[in-house]
Amino acid sequence: MTISSDVSNIDLTKPQWSQDTFVGRAKHFFVVTNPLNLLKSSEELERAREIVLKHQKGEKFPGITSKELWRQKYIYDSAFHPDTGEKMMLIGRMSAQVPMNMTIGGLMLTFYKTTPAVVFWQWVNQSFNAVVNYTNRSGDKPIDKKQLGLSYIGATGGALGTALGLNSLVKNLPPLVGRLVPFVAVGSANCINIPMMRSRELYDGIPVFTDSGERVGDSVAAAKKAIPIVTVSRVLMAVPGLTLAPIVMDQLDRKTTILKRRPWIGAPIQVALCGLFLVFATPLCCALFPQQSSLSFEKLEPDLKKKARAAGLNEKCFVYFNKGL
């Protein structure tokens, strides 16, 4: 059975928009990271999965339009891992980034002065980050539980050490400096959490493919390229919410009496500000680098070069891999 002509040429293994440009990648991630995807029921997700997988096999869906087919593809992409095909845990999906980070980030910025509050919110943030980094890893190999635990402890310890250490140093500095401490802690923790969570990839490699989708093997060189660019995009994702929101709050504190008259309003304002910035920062930072990144033939490991040649590649060719998110 074949798909009707108006949708038969649609390739659902690729995004709707060209990923060779930043604009195309941004359009793709605005759809994938849309928080409304979290509201899809299990039945809707399974239906999307069925449609996408059957379409890829050439099966027919009478009456389905190209618009609806793309919609189903993005529902599928929002909930299922691109390498394993497994349904991702709810809070680990990229569509959960805005609601989760706006809440955690806003409250982290609000309660940044006392040691118990710093400990609690940095722990909550790193617990969430660990879930996200595990869920959006590259490749199809499971992460060792021991490695998972070490990554979690390392990132949480790094964030707490940074936050508490900086708080003690900035007590006599302008209030704005203190408000920026959570960002520095989050940024430094991301630089620990992501590489540690994905450290197995640095030993075992991640899958690399030809441009036609044929798996060549697992490459450590690809992992060494993937992990730093994911770390950069995740740190930059936190910049607007954790730096601009404190500046706004500092101005409100200095130039108005609203926070003095209604101290309770600080938390919802900061949560809302973080949400506003994250709606744009999340997809735009995900789009900084292509999801399917490339690696030149010459940078492959010697054994992979042999496999690549057997697959018909030469020194002028590239292999491709999912960098993770």
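A compact table of results
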quantity: Euclidean distance between Cα centres, the range 276-325 to the range 9-71, Å; calculated: 22
quantity: Charge sum, other residues only, whose C-beta stays under 14 Å from Ser212's C-beta, Lys/Arg counted +1 and Asp/Glu -1; calculated: -1
quantity: Full-extension gain in nm, Asp253 to Ser18, via 0.36 nm per residue minus C-alpha separation; calculated: 80.1 nm
quantity: Among 159-169, 251-261, 224-234, the order from most to least packed when residues are scored by Cβ within 10 Å on average; calculated: 224-234, 159-169, 251-261
quantity: Positive dipole terminus of the chain, leading residue within Leu236, Leu325, Gly158 (C-beta point charges); calculated: Gly158
quantity: Extreme residue, positive dipole direction of the chain, given options Phe289, Gln16, Met196 (C-beta unit charges); calculated: Met196
quantity: The chain - mean residue ellipticity at 222 nm from DSSP helices (-39,500 (n - 2.57) per run, n ≥ 4, rounded to 500); calculated: -19000 deg cm²/dmol
quantity: Surface accessible to a 1.4 Å probe, Thr13 within the full protein complex, Å²; calculated: 90
quantity: Net charge contributed by nearby residues that have their C-beta within less than 11 Å of Leu295 (K/R +1, D/E -1); calculated: +2
quantity: Which labelled figure in (1) 19.3; (2) 17.0; (3) 18.5 is mean projected area of the Cα convex hull in nm², once derived from the coordinates; calculated: (1)
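The values are calculated or read from the model by the stated rules, or taken from the named source; none is laboratory data. Predicted model only: the values in this text are computed from it and were never measured. Note that we place each Cβ from the backbone using ideal geometry, even for glycine, and neighbour counts take in every protein chain shown. Only protein heavy atoms, including side chains, enter the accessible area calculation; ligands, DNA and RNA are left aside. Shrake-Rupley method; radii C 1.70, N 1.55, O 1.52, S 1.80 Å.
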